[in-house]
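Beneath this line is the structure, given in structure tokens, with notes to follow.
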Amino acid sequence: MSKKCFSRTALSITPALLASALLSTQQSVAAQNDIVVTANRMETPLSQTGSSITVITSDAIANSQKSSVVELLRTVPGLSVSQAGTHGVASVFMRGAESGHTKVLIDGITANDPADGNRAFNFAHLSLVNIDRIEILRGPQSTLYGSDAMGGVINIITKKGLRTTEANLNAEAGSFATFNQSANLAGGSDAINYSFGINHTKTDGISAATTQNGNGERDGSENTTLSTRVGIIINDQLDFDFIGRWQHATYDLDDYDNTTYAFMDDLNHTADDKQQMIRLAANLALFEDRWLQTWGASFTRNNRVDQDAGSDTAQITDIAFRDEFSSRTLKADWQNTLILNTTNTLITGIETGTEEASTLNHFGDLPKHRITTNSFYIQDSVQPIEQLNGTIGARIDDNEEFGSETTYRVTLSYQALDSTRLFGSYGTGFKAPTVFQLYAPTYGNSQLNAETSTGFDAGIEQNITRSAIITLTYFNNEFDDLISYDYVQSRYLNITQASTSGLETQAQYQPIEALTITIGYTYTDTENKQNHQRLLRRPQHQANLDLAFQYDERTFFNVDTRYIGQRDDYGYPSAIALDDYILVNLRMSHQLNPRVKVFGKLENLFDEDYEEIKGYGTQGTGAYVGATLSL
């Protein structure tokens, strides 16, 4: 591989395509092209990773006709999603772990919000504009990604412009007075590559509070997202990346009524969310591309305003308030990839990051606090024989509040037969206490320790025929020193332990060239060891069936069916069981000519009445049509 080719394909995490090629000189062309970056922080053939990872490609994103990341994640094995209404907080639980135990990256930028009580990421308003692929890495990943990665990592990678200029306009309209428009532009040359995307979505929505309690007021939302990525190529050894993403969402909310113990219409409750992300990175290749370096600096700002004008004409009695949650994250990193030989690649990295958060809250203000963490990690990737690939790594994070934490991870991938691959991993994770948990007025506890976890998984990937493949993975996680609110002492304490285990399986079958059938099923067993109850909002059973039919070169049909089993949710005076449900969605697209494609979709075809979170509304049947114009 030439240096010129290398420099044009470098990613923001690390420019290490050459490493994967040297590690597997005898892989087929198809296998070499199936590359992931999240598992090892370098580009690695999927067939050589011991981690459990799912990739949502650009083609899958386009064919799905979905407009948000959270909708795509609902069908990923091992993930369960709950959302407060159609645009309230959307949480992702990976293998039963807490939502704050999943680290979310956008082009290497940490997206988790330090102003959130659990430092979780809210997926509710994350648009798909300018997104090229999503990689979901399951299991403890703190060795390479530090705090917040106890359950896993979701890495979102934006588009990178190529030599051919591409531009398109998209427009969609449908039920609930929904309008969605976007524009994209991408291109490049020997000296520069670029991609730009803008999206605007507006809807009248439905009642955020379930209609079962007589609620009918519609709660609308509006969201604008701008995404850009620019690469400047100095020469065959050096290039720079600039990444920026800006998001602004406004939406209506309903409220919990303490007299009826239910969520009720609130005509004056609104929220305003803003997020800005910027990253600058330099990629340098030395010694015939055997020493690859990436220097990076990133900045994230979050600002959320939750306000209510007070009593209104709805059924709820409330007070006027205005709460503001603000946070910033600043991070610098340096990663070295050393290709020692064709069977051994060593990665080392140094990171330093500072996060700060503050709140203005009618329950009590949280003054601005800052926490700095310095980190060092190392991982060795080896291939002792052609069929066997493994990694071993360790990390030290030094947090100025509670001291240092050491984590480690080992993975193996073994091609036992031409049609059979075995893989597995074992590792530890940790999560630092959040600013809110440490310093919140009355409730905070500056003596908190980090949450910790240990987990492993083992799986098999089996090609049954040339057109059928099945993957089966068992996982087990133990969580210790989890931070929970203690009602006796009225503050946060490390008092909870939990365990999760289960089975993830996905099968794909192509009986004819035009038809692809994908079946997924996840069994998750969870336990809060403090009260011996199941963890809330995690279904024990969930499954999906996807039928994709390419009728001809221009017409595509898709039917996806999703089953979510019974799960418990918060209730008064005790937990409440939510019913299971089945959702069916239909989609089709037709290429009218080389420049114009039309599409349509029916969501919740059978008008299933269901709840993801007790008391919050969900959409009934919705119909949408749209078109894409390629310029």
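The values are calculated or read from the model by the stated rules, or taken from the named source; none is laboratory data. None of these values were measured; they are calculated from a predicted model. So basically every Cβ, Gly included, is an ideal-geometry build from the backbone, and we count neighbours across all protein chains shown.
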*Within the range 130-161, which residues are part of a loop (DSSP other than H, G, I, E, B) and either closer than 26 Å to T526 by Cα or not charged (D, E, K, R) (or both)?*
N130, G139, P140, Q141, G146, S147, D148, A149, M150, G151, G161
*Matching option when the condition is under 27 Å from F557 (Cβ atoms) and either modelled with pLDDT under 95 or in contact with a Lys or Arg (Cβ under 6 Å, 6 or more places away or on another chain) (or both), among A173, A149, A62, A115*: A62
*Only one of these conditions is not met by N531: (1) under 30 Å from R466 (Cα atoms); (2) free of Cβ contacts under 8 Å to residues at least 12 places away in the same chain. Which number is it?*
(1)
*Identify, from the list D252, D257, the residue that is in contact with a Phe, Trp or Tyr (Cβ under 9 Å, 6 or more places away or on another chain), touching a residue at least 24 places away in the same chain (Cβ under 8 Å) and not aliphatic (A, V, I, L, M).*
D257
*Looking only at the range 229-239, decide whether some residue is closer than 30 Å to G617 by Cβ, touching a Leu at 6+ places or on another chain (Cβ under 6 Å) and not β-branched (V, I, T).*
no
*Output the residue which, of all residues in the range 182-221 that are of a type in the set (D, E, K, R) and crowded, with 17+ Cβ neighbours inside 10 Å, is nearest to D289 (Cα to Cα).*
D219
*From S20, S47, which residue is polar (S, T, N, Q), in a helix (DSSP H, G or I) and modelled with pLDDT of 90 or more?*
S47
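For the condition part of a loop (DSSP other than H, G, I, E, B), in contact (Cβ under 8 Å) with a residue 12 or more places away in the chain and touching a strand residue (DSSP E or B) at 6+ places or on another chain (Cβ under 7 Å), what is the one hit in P367, P441?
Numbers: P367 fails: part of a loop (DSSP other than H, G, I, E, B).
Selected residue: P441, the only one of P367, P441 that is part of a loop (DSSP other than H, G, I, E, B), in contact (Cβ under 8 Å) with a residue 12 or more places away in the chain and touching a strand residue (DSSP E or B) at 6+ places or on another chain (Cβ under 7 Å).
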_Within the range 442-490, take every residue that is under 24 Å from H532 (Cβ atoms) and among the charged types (D, E, K, R) and give me the one that is surrounded by the fewest Cβ atoms within 10 Å (Cβ to Cβ)._
D486
*asked:* Every residue in the range 369-393 that is in contact with a Phe, Trp or Tyr (Cβ under 7 Å, 6 or more places away or on another chain) and under 17 Å from A432 (Cα atoms), please.
replied: H369
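Results for (1) under 30 Å from W246 (Cα atoms); (2) acidic (D, E); (3) surrounded by 14 or more Cβ atoms within 10 Å (Cβ to Cβ), shown as yes or no for each residue.
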position: L280; (1), (2), (3): yes, no, yes
position: D289; (1), (2), (3): no, yes, yes
position: G349; (1), (2), (3): yes, no, yes
position: G353; (1), (2), (3): yes, no, yes
position: T359; (1), (2), (3): yes, no, yes
position: P367; (1), (2), (3): yes, no, no
position: N374; (1), (2), (3): yes, no, yes
position: E386; (1), (2), (3): no, yes, no
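So is I392 without any contact (Cβ under 8 Å) to a residue 12 or more places away in the chain and either within 18 Å of N344 (Cβ to Cβ) or crowded, with 21+ Cβ neighbours inside 10 Å (or both) or not?
no
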